[in-house]
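The structure appears right after this line, and notes come after that.
The values are calculated or read from the model by the stated rules, or taken from the named source; none is laboratory data. What you see is a predicted model; the values in this text were computed from it and never measured. With ideal geometry, Cβ positions are generated from the backbone for all residues, glycine too; neighbour counts draw on all protein chains shown. Surface accessibility is based on the protein's heavy atoms, side chains included, excluding ligands, DNA and RNA. Shrake-Rupley method; radii C 1.70, N 1.55, O 1.52, S 1.80 Å.
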Amino acid sequence: MTITTPQGITHRQLIANGVRLHVAQAGTSGPPVLLLHGYPQHWYAWRDVITKLAEDHRVCALDLRGAGQSDAPRRGYDTATLTGDVLAVLDALGLPPVTVAGHEWGGWLAFHLALAAPDRFTGVVAVNAPHPWLPQRRLLPQMWRFWYTALLEYPLLGTWVIRHTGVLAWLLRRGRPSLPAADAEVFARPGREPARARAGQQLHWQAVLHDIPRRVLGGYRHQHLTVPAMVLAGARDFALSPRSLTGAGPHADELAIRVVDGSGHYLPEERPDVVAAAIAEMAPGRR
């Protein structure tokens, strides 16, 4: 199935951190914005947000390794390596400090980027994604919502499930019941490829090995976010309940939480107007 690229969006392949990565770009002037997708999506999830921002922003939507038109190597799906990928992309594109917006996995990555290199980012917008300092008393009662990740994360089993069971199409429709079948196929089809199925499994497995223990053991308690940030949540998000969200307290200089009524897990497609407005608000000169 061919993806129809909206007018004004161009595509570029570049080598960053030793891997070939794809970037969709739009707009030629204004504050730069970097968009990071969630799983199992790619740059196309941001198509409507891109067209709204491109009038007065320079917009880049990256396909993370293993996704979309980027390469899918066997390794490198841990948050630290993905952070290195994105920073290398910013270097390759020659961008000044950017506003980074990420959906789901991309939102989690956006916080790590701002913690690792705060001088490279002017703002963070995490869409349908938690920040690293949510208290356990808020998270634990909601952990049942992630039961499906057990099917995806284990070596060999996860790859087989992703390739052969239709779980990705189910996940996409679970998060957005009104999702057209053609759009579900655009995002689910790459998972049938062995290398990309393995990439999806590894993405989840590396979180089990590294990110979850780090959070449970308080590995973020001594980190401080200086970059202004916003969490944008869907009131009906099946994965990230607004009930689990709190501020970051002393861990962040400025972090706002906004809940969008009547929306679910795929805000960039359900409410691109709201998401684009939030990103523009965080961009330099717009706040």
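Can you confirm whether Ala92 is over 14 Å from the mean Cα position of the chain (by Cα), at pLDDT 95 or above and in a strand (DSSP E or B)? Steps first, answer last, please.
Numbers: over 14 Å from the mean Cα position of the chain (by Cα): yes; at pLDDT 95 or above: yes; in a strand (DSSP E or B): no.
No.
With respect to the numbered conditions (1) without any contact (Cβ under 8 Å) to a residue 60 or more places away in the chain; (2) assigned to a strand (DSSP E or B), which one is the sole condition not fulfilled by Leu232?
Only one criterion is unmet by Leu232, namely (1).
If I filter the range 87-95 for residues that are open to solvent by less than 20 Å² (accessible area, probe 1.4 Å), within 27 Å of Arg189 (Cβ to Cβ) and not aromatic (Phe, Trp, Tyr), do I get at least one hit?
Within the range 87-95 (the criterion being open to solvent by less than 20 Å² (accessible area, probe 1.4 Å), within 27 Å of Arg189 (Cβ to Cβ) and not aromatic (Phe, Trp, Tyr)), the answer is yes, since at least one residue qualifies.
In this structure, does Val231 turn out to be over 17 Å from Ala72 (Cα atoms), open to solvent by 40 Å² or more (accessible area, probe 1.4 Å) and either modelled with pLDDT under 95 or of a type outside the set (Gly, Ala, Ser) (or both)?
Numbers: over 17 Å from Ala72 (Cα atoms): yes; open to solvent by 40 Å² or more (accessible area, probe 1.4 Å): no; either modelled with pLDDT under 95 or of a type outside the set (Gly, Ala, Ser) (or both): yes.
So Val231 fails the test.
Can you find, within the range 1-14, the residue that is surrounded by the most Cβ atoms within 10 Å (Cβ to Cβ) among those that are of a type in the set (A, V, I, L, M, F, W, C) and at pLDDT 90 or above? Let's see the steps before the verdict.
Initial filter on the range 1-14 (of a type in the set (A, V, I, L, M, F, W, C)): 1, 3, 9, 14.
Among the residues that remain, those that are also at pLDDT 90 or above are: 9, 14.
Values: Ile9: 19, Leu14: 16.
Filtering first and then ranking leaves Ile9.
Gly249 versus (1) at negative phi; (2) open to solvent by 40 Å² or more (accessible area, probe 1.4 Å); (3) at pLDDT below 95: which is the lone unmet condition?
All conditions are met except number (1).
State yes or no: is Trp108 surrounded by fewer than 20 Cβ atoms within 10 Å (Cβ to Cβ) and part of a helix (DSSP H, G or I)? Let's see the steps before the verdict.
Working: surrounded by fewer than 20 Cβ atoms within 10 Å (Cβ to Cβ): no; part of a helix (DSSP H, G or I): yes.
Criteria not met by Trp108.
Counting just the residues of the range 111-126 that are touching a Ser or Thr at 6+ places or on another chain (Cβ under 9 Å) and open to solvent by less than 20 Å² (accessible area, probe 1.4 Å), which one comes out farthest from His37 (Cα to Cα)?
It comes out as Ala117.
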